[in-house]
Amino acid sequence: MAGAVPLPVGQAELLEMIALGAPLIETLDRLTRLIEGQSEGLFCTVMLLDEDGIQVRAVSGPSMPPGYLNLFDNMKIGPHAGSCGTAMYSKRTVIATDINADPNWDAYRDLVAGYGFRACWSTPIYLDRDTVLGSFAMYYREVRSPGAHELELINVATHIAGIAIERKRNENTLRRYREELEELVRRRTEELQAEKEKAEAAVVALSKSNAELAGVLNALNVAQEELVQNKKLAGLGSLVSGIAHELNTPIGNGLMAASTLADQTKAFSGQFAERGSMKRSELAAFFEEAQKASDMLARNLHRAAELIASFKQVAVDQTSANRRHFMLDTTVDNICLTLGTRLRKTGFAIEYEIPGRLEFDSYPGQLGQVLSILVDNALVHGFEGREAGKIRIVAQVVREGWVQLTVSDDGNGIAPENLGRVFDPFFTTKLGKGGSGLGLNVVYNIVSGVLGGHRQGRQRSRQGDKHTDDATAGRAAILVCRFSLLIFRLSSRAAFQ
C-alpha cells in the first residue's frame, strides 16, 4: 500500500519500542496499524486473555469503529465465542470467511451486524506451546479467505505481540514481587526494631548485673580482709585464697558473658543501623547467643552469691603455716599419735605404713590438717552406723621426685552420684545435721593452693572411702579424697631414696 511502513522496518521499530519498555497498549496499537498498512481494507484487533484463562479484555483496535471493542470486553472464551474467543479456547487459528454463516458467530452476529464486517480470522498469541496470552484478529468487510500474504502477516503479528505481552507480564510479575518484598521488608523492619528495643533493654539489665558483680567482688575483698585480720582465723590465708580461686570461675564467667553479649549487641546494632534490616537467621543467632549469655550470667551470679553468703562461716582450724624440712615417716607418726588419742575406747583404729628417708621441704602443719580432716570424714561419714573400722595411711614412691600418699577406710563408701561433688564447697550429705560441707573442700584447697600438687580421679571398686594424695617435697602437696591422687613434690634439696 502507498505510504505504508515497510514490514521489516516496522518490525524493527516495534522491537525497539518493546526493548525500551514502551507501554503495552501503545505498542499493540502500533503493531495493528503496521499490519493494517500491509493490506487494503484490513482491520486488526488484539485481545488479551486474563491470567484466570477465562475472560477476555479487548485492548487494541485503533481502526475499529467506536464501540466495537466494547462488545467483546470481559467476554468468556469457549467453543463458539466468535473467532477470537474460539481461537483462544481451541488454541488454533479460527477462520470465518463469512460471519453471517459461521456457527462460531451465532451468539454475536446480531451485535456486529451494524458494523459491516463479513470475514474474520483469529490466531492465538502464545507464551509457550501450552499457554495462550491472547489473540490477533484480521477483519474484512467482504466475504473472503486469507491468502498466503495474510497468513504471513498474522504470523508476524502474533510473534511480535507475544514478545510485547510476555514482557509486560514479566514486568507486572516483577512489580508484584517487588511490592510483596517491600511489604515483607517493612514488616520485618518493624519486627527487628521491636527486637532491637528488647535487646537494648537486655543490655540495660546486663549493665545492672555488671554492677551487682562489681558489688560481689567488693564484698569478697572486704570479707577477705576481715578474715585475714581475724585472730580466730589465723593461718586461713591459704583457704581464703582457695575460695577466691573458686569464686574467680563464676565471676569471671559472668563478666565474660556480660561483656560478650554487650559486644554482640553493639555489633548487631551497628549492622542494623548500617543495613536497615537483618536476616532472620542473623536475628535468630543473636537471640540464641543472648539467651546463652543471660543463662550463664544468672547461674554464675547465683553461685557467687551462695559462696559469699557462706564465706564467713568458714572457720577451719589450721596448725602452723611454716614451711620447713621434715621426714615424712616421723611427721605422719606424730600426727597419727595425736589422732589416735581420739580413737581410744572405740572400735576404730589407724594404721600407717610410711617408708623411711623420705625428706620433704613443705608444710607439715597443713599436711597434718589434711590428714585430720580425712580421718574425721571417715569417722563421721564412712563409719556411720558402725561400731568398728580401720583407717589406713600408706605412702610410696611412684616416680623420681613424687610420693603417693593414700588414706583409705573400710567403711560405707561414697554414693556414686556424690563422687563428683564431694570436693565442692558446702556440699554435705548431712545438711542440717551439723555438716558444714567444707571439710573436703578445705582439703582440696590446701593441697592445690598451699602444697602445690595435682590430682586425678579414682574410685575403689569395693566398699570403703579412699583419699589419695601424692606429694613432692619441693613445695608440697595436693591431697585428693578417694577419687583423686594428690602429689607432693620433693624439694630439690631432699635426699630422694
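Here are the numbers:
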quantity: The range 332-377 - percent of accessible surface contributed by carbon and sulfur, probe 1.4 Å; calculated: 49 percent
quantity: Tensor-based shape of the range 143-195 (alpha-carbon gyration tensor, a/c under 1.5 rounded, otherwise prolate or oblate); calculated: prolate
quantity: Estimated inter-spin distance, D128 and N70, nm [label 7 Å along Cα→Cβ]; calculated: 3.9 nm
quantity: 1.4 Å probe accessible area per residue over the range 1-62, in Å²; calculated: 47 Å²
quantity: Between the range 251-290 and the range 10-46, the Cα center-to-center distance that results, in Å; calculated: 58 Å
quantity: Heavy-atom accessible surface of the range 6-110: percent carbon and sulfur, 1.4 Å; calculated: 52 percent
quantity: Accessible surface, the range 108-224, averaged per residue in Å² (probe 1.4 Å); calculated: 55 Å²
quantity: Length added when fully stretched, K345-N172, from 0.36 nm per residue minus Cα-Cα; calculated: 52.1 nm
quantity: R399/L217 FRET efficiency (R0 30 Å; Cβ-Cβ; nearest 0.05); calculated: 0.15
quantity: Residue-level accessible surface for K292, protein heavy atoms, 1.4 Å, Å²; calculated: 110 Å²
quantity: Unsatisfied cross-links (Cα-Cα over 27 Å) in the set K208/K266; K345/K430; K208/K430; calculated: K208/K430
quantity: Gain in span if fully extended, D106 to S145, counting 0.36 nm per residue against the direct Cα distance; calculated: 12.1 nm
quantity: In nm, spacing of pseudo-spin labels at Q55 and S90 (7 Å Cα→C-beta vector); calculated: 2.6 nm
quantity: Extension gain (nm, one decimal) between N248 and T429, 0.36 nm per residue minus Cα-Cα; calculated: 62.6 nm
quantity: Spacing of the two label points (7 Å from each Cα toward its C-beta) at F287 and E274, in nm; calculated: 2.4 nm
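The values are calculated or read from the model by the stated rules, or taken from the named source; none is laboratory data. Because the structure is predicted, anything quoted here is derived from the model rather than measured. Here the Cβ is made from the backbone with ideal geometry for all residues, glycine too, and neighbour counts use every protein chain on show. Areas reflect the complete protein model, heavy atoms only, side chains present, ligands, DNA and RNA absent. Shrake-Rupley method; radii C 1.70, N 1.55, O 1.52, S 1.80 Å.
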